[in-house]
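**Q** Pasting a structure below so you can have a look.
The values are calculated or read from the model by the stated rules, or taken from the named source; none is laboratory data. Keep in mind it's a predicted model, so treat the numbers as computed, not measured. Every residue, glycine as well, gets a Cβ built from its backbone with ideal geometry; the counts of neighbours run over all protein chains shown. Surface areas here come from the heavy atoms of the whole protein model, side chains and all, with no ligands, DNA or RNA. Shrake-Rupley method; radii C 1.70, N 1.55, O 1.52, S 1.80 Å.
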Amino acid sequence: MSKSYFIETYGCQMNVADSELVSGLLTKAGYSETKDIHNADAIFVNTCAIREHAEEKVHSRLGYYHQIKKKNPKMIIGLLGCMAQNLKEDILESKPYVDIVLGPDSYRRLPEIIEKRNGNSTHIVDTKLSRFEVYDDMFPSRHLGINAWIPIMRGCDKFCTFCIVPFTRGRERSRSLEGIIDEIAQAVSDGFIEITLLGQNVNSYNHEGRGFHELLDAIANVVGVKRIRYTSPHPQDMTKDVLDVMGKHDNICNYVHLPLQAGNNKVLKRMNRTYTKEEFISLADQIRDKLPHVGISTDIIVGFPGENELEFQETLEVMDAIKFDSAYTFKYSSRPGTKAAEFEDHIAEPEKQDRLERVIKAQKEHTLQRNKSIVGRVEMVLVEKESKRSANQWVGRTDSNKWVIFDKENSHIRDFTPVRITEAKGISLHGKIVQLQGMEAA
Ligand code: 5AD
Ligand code: SF4
C-alpha cells in the first residue's frame with residue numbers, strides 16, 4: 001500500500017501554489033494524499049511568517065500534530081515554507097518532534113529527504129535559498145476547480161522595511177515565458193476557467209528581457225483562457241504598458257490590487273515603498289481612466305513604527321481620495337531580522353487597534369459606496385459556489401473581483417452568467433440573472 005500524506009497550508013496564495021507543487025512531487029514519488037490526519041504517514045504544514053499571528057497559529061498546530069504523533073510515532077512531521085526558512089534550527093530545539101524543516105527553495109528534495117528520515121537519520125533541515133529555483137519543469141497537483149494558481153516569479157528584491165519576505169523567499173527570479181504558457185495551456189485543457197498569475201512582486205516579472213506586459217499579452221492569446229488575474233503587483237512596476245495590455249484583452253480581468261501600505265510620505269519613505277502618496281493617487285486615477293469599471297483593492301498597515309496620529313490620518317485621507325473597492329488591513333507586526341524591527345519608536349497595541357478599527361470603518365463605507373455605484377448594471381459573473389445562506393443561490397465574481405449573490409435559476413457552477421446588480425448591502429452585492437438578448441453586458 002502506498003504511503004499517505006496530509007498537507008495543510010497557511011498564508012498567501014503562493015503557499016497554496018507551493019503546496020500543489022509539493023503534492024505533485026509526492027504523488028510522483030508514490031505517495032497519496034489523505035484527508036485523515038490521524039492515519040497519515042506524514043503531515044506537512046506549509047507556513048507563513050509575514051505576521052506574528054500567522055506564526056502563532058502554526059505553533060499551535062504543531063502542538064496538535066505532536067499529540068497525534070505520540071499515538072503513531074513513525075509518523076513524519078514536516079515544516080515547510082517561510083517559517084521553516086525563518087526559524088530554522090530554533091524549531092528543532094523547541095519542538096524536537098518535528099522531523100523535517102524545508103525552506104521554499106528546497107521542495108525538490110522532499111521525496112529524497114523523507115526516505116532519509118525513514119532510514120532514521122537525524123532531523124533534516126534544508127533552508128538554502130537559491131538564485132535560480134523557479135520549479136519551471138514541475139507539474140503541480142491541482143484539485144479540479146475554477147481557478148488555477150500559476151506562479152510566474154519567486155522572491156522579492158524590494159526590501160520594504162517591515163517585510164520578512166525578502167529574507168524567507170530570497171531574490172527575485174522569473175520563470176521562462178514558454179514554461180508558463182505550457183502550464184497554462186495544460187490548465188485550460190484540464191478544465192480550469194480562471195488563471196491567476198502569482199508572484200511576491202508579480203509585475204517585476206522579467207525573463208531574458210521579456211517583461212510582465214509581454215507575458216500578459218502572450219497569456220491572453222492562449223486559446224481557451226477565459227479569465228486572467230494576477231497578484232500582487234508593486235505600484236512601482238505598474239507601467240502604462242501593463243495597463244495598455246489589460247485594456248486590449250477582454251479576458252484580462254478589470255481588477256488591480258494596488259498595495260498602498262500607508263498614506264504619509266515620511267512613513268512611506270521609512271517603509272522603503274519607493275512612491276509618494278501623490279504618485280500613488282495619480283496611479284490609481286490613471287488606472288481608473290484607462291480601465292473603466294476597474295476594481296481596485298489595497299493593503300494597508302497601521303501603526304508602523306514612528307507613525308503619529310496626524311500621519312495616520314493621511315492614510316484615511318488617501319483612502320477617501322481613492323475609495324478602494326476593498327482592502328486588506330493589518331496592524332504592524334514586528335518581524336525580527338527586518339529593518340523596521342530595529343526602529344525604536346514602536347506604537348502601543350491599543351493605538352494600533354484603534355487605528356485599525358478606523359481604517360476598517362472607512363473601508364466599509366467606501367466598499368458600500370463603490371458597490372452602490374454599480375447597482376443597475378449587468379455584469380458577467382462567473383458562477384463559483386453555492387451561497388452559505390441558501391441552497392437556492394449561487395455566489396460568483398464579477399470581472400472586477402466583486403462577489404455577487406443571486407438565485408440559481410437555470411445556471412450552473414462554472415457558467416458565465418449575465419447578472420443585473422440589484423442591491424449593495426454591507427460588503428456584498430445581490431443580483432438577478434438576466435437574458436442577454438437585446439441587452440449589452442457591461
Ligand atoms: N506587519 C503587518 N503587515 C505586514 N505585511 C507585510 N509585512 C507586514 C508586517 N510586518 C502586509 C503588507 C503586505 C501584505 C501581504 O502583508 O500589507 O502587502
Ligand atoms: Fe514584502 Fe515589500 Fe516585497 Fe511585498 S514588495 S513581498 S511587502 S518586501
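**Q** Quick one: which residue in 310, 283, 268 is within 13 Å of ligand 1 (Cβ to nearest atom), farther than 20 Å from residue 199 by Cα and assigned to a helix (DSSP H, G or I)?
**A** Working: 310 fails: within 13 Å of ligand 1 (Cβ to nearest atom); 283 fails: within 13 Å of ligand 1 (Cβ to nearest atom).
Residue meeting the stated conditions: 268.
**Q** Continuing with the same structure: Considering region 187-203 alone, what residues qualify as being in a helix (DSSP H, G or I) and either farther than 22 Å from residue 399 by Cβ or away from ligand 2 (no atom under 16 Å from the Cβ) (or both)? Full working, then the answer.
**A** Filtering region 187-203 down to residues in a helix (DSSP H, G or I) leaves 187-189, 202-203.
187, 188, 189, listed by residue number.
**Q** Of the residues in region 334-347, how many are surrounded by fewer than 18 Cβ atoms within 10 Å (Cβ to Cβ) and over 16 Å from residue 312 (Cα atoms)?
**A** Of the residues in that region, 8 qualify.
**Q** Which one is nearest to ligand 1 (Cβ to nearest atom), of the residues in region 313-349 that are part of a loop (DSSP other than H, G, I, E, B) and free of Cβ contacts under 8 Å to residues at least 40 places away in the same chain?
**A** Going through region 313-349, the residues part of a loop (DSSP other than H, G, I, E, B) turn out to be 323-325, 332-339, 343-348.
After this cut, where a residue has to be free of Cβ contacts under 8 Å to residues at least 40 places away in the same chain as well, the list is 336, 344, 348.
Details: 336: 10, 344: 16, 348: 15 Å.
Checking each candidate, the answer is 336.
**Q** Filter region 142-186 down to the residues that are assigned to a strand (DSSP E or B) and away from ligand 1 (no atom under 16 Å from the Cβ) and list them by number. Before you say what the answer is, go through the steps one by one.
**A** Within region 142-186, the first condition is being assigned to a strand (DSSP E or B), and the residues that meet it are 147-151, 153-154, 173-174.
Listed by number, the residues that qualify are 147, 148, 150, 173, 174.
**Q** Now for a separate question. Looking at region 161-201, which of its residues are closer than 25 Å to residue 336 by Cβ, open to solvent by 10 Å² or more (accessible area, probe 1.4 Å) and free of Cβ contacts under 8 Å to residues at least 60 places away in the same chain?
**A** Passing the criteria: 171, 172.
**Q** Are there any pairs, at least 6 apart or on different chains, whose C-beta atoms fall under 7 Å, with the first in region 50-61 and touching a residue at least 40 places away in the same chain (Cβ under 8 Å) and the second more than 16 Å from ligand 2 (Cβ to nearest atom) and of a type in the set (Phe, Trp, Tyr), and if so, which?
**A** Cβ pairs passing all conditions: 54/10; 57/10; 58/10.
**Q** Right, something else. Out of all the residues in region 138-149, is one or more surrounded by 17 or more Cβ atoms within 10 Å (Cβ to Cβ) and among the small types (Gly, Ala, Ser)?
**A** The answer is yes, given that some residue of region 138-149 is surrounded by 17 or more Cβ atoms within 10 Å (Cβ to Cβ) and among the small types (Gly, Ala, Ser).
**Q** Filter region 205-247 for residues that are in contact with a Phe, Trp or Tyr (Cβ under 7 Å, 6 or more places away or on another chain) and among the polar types (S, T, N, Q) and give the result.
**A** 236 - this is the single residue of region 205-247 that is in contact with a Phe, Trp or Tyr (Cβ under 7 Å, 6 or more places away or on another chain) and among the polar types (S, T, N, Q).
**Q** A follow-up question, please. Which condition does residue 288 not pass, out of (1) in contact with a helix residue (DSSP H, G or I) (Cβ under 7 Å, 6 or more places away or on another chain); (2) away from ligand 2 (no atom under 16 Å from the Cβ); (3) open to solvent by 10 Å² or more (accessible area, probe 1.4 Å); (4) outside any loop (DSSP other than H, G, I, E, B), if it passes all the others?
**A** Failing condition for residue 288: (1).
**Q** Starting from residues that are within 16 Å of ligand 2 (Cβ to nearest atom) and out of contact with any helix residue (DSSP H, G or I) (no Cβ under 7 Å at 6 or more places or on another chain), keep the ones in region 132-156 and report whichever is nearest to residue 227 (Cα to Cα). Please lay out each step first, then the result.
**A** Step one: of region 132-156, the residues within 16 Å of ligand 2 (Cβ to nearest atom) are 151-156.
Narrowing the set further to residues that are out of contact with any helix residue (DSSP H, G or I) (no Cβ under 7 Å at 6 or more places or on another chain) leaves 154-155.
On the way: 154: 22, 155: 25 Å.
So the residue we want is 154.
**Q** Next question, about the same structure. Failed condition for residue 204, given (1) more than 17 Å from residue 15 (Cβ to Cβ); (2) more than 16 Å from ligand 1 (Cβ to nearest atom); (3) of a type in the set (Gly, Ala, Ser), with all others met?
**A** Exception for residue 204: condition (2).
**Q** Considering only residues that are modelled with pLDDT of 90 or more, part of a helix (DSSP H, G or I) and surrounded by fewer than 22 Cβ atoms within 10 Å (Cβ to Cβ), which ones fall in region 73-112?
**A** Residues satisfying the conditions are 94, 108, 109, 111, 112.
**Q** Kindly check whether there is at least one residue in region 350-368 that is buried (at least 21 other Cβ atoms within 10 Å of the Cβ), under 25 Å from residue 247 (Cα atoms) and away from ligand 1 (no atom under 11 Å from the Cβ).
**A** Within region 350-368, one or more residues are buried (at least 21 other Cβ atoms within 10 Å of the Cβ), under 25 Å from residue 247 (Cα atoms) and away from ligand 1 (no atom under 11 Å from the Cβ).
**Q** Turning to a different aspect of this structure: Say we look at region 370-386 and pick out the residues that are farther than 21 Å from residue 229 by Cβ and outside any strand (DSSP E or B); which of these is least open to solvent (accessible area, probe 1.4 Å)?
**A** Once the filter is applied, the top-ranked residue is 376.
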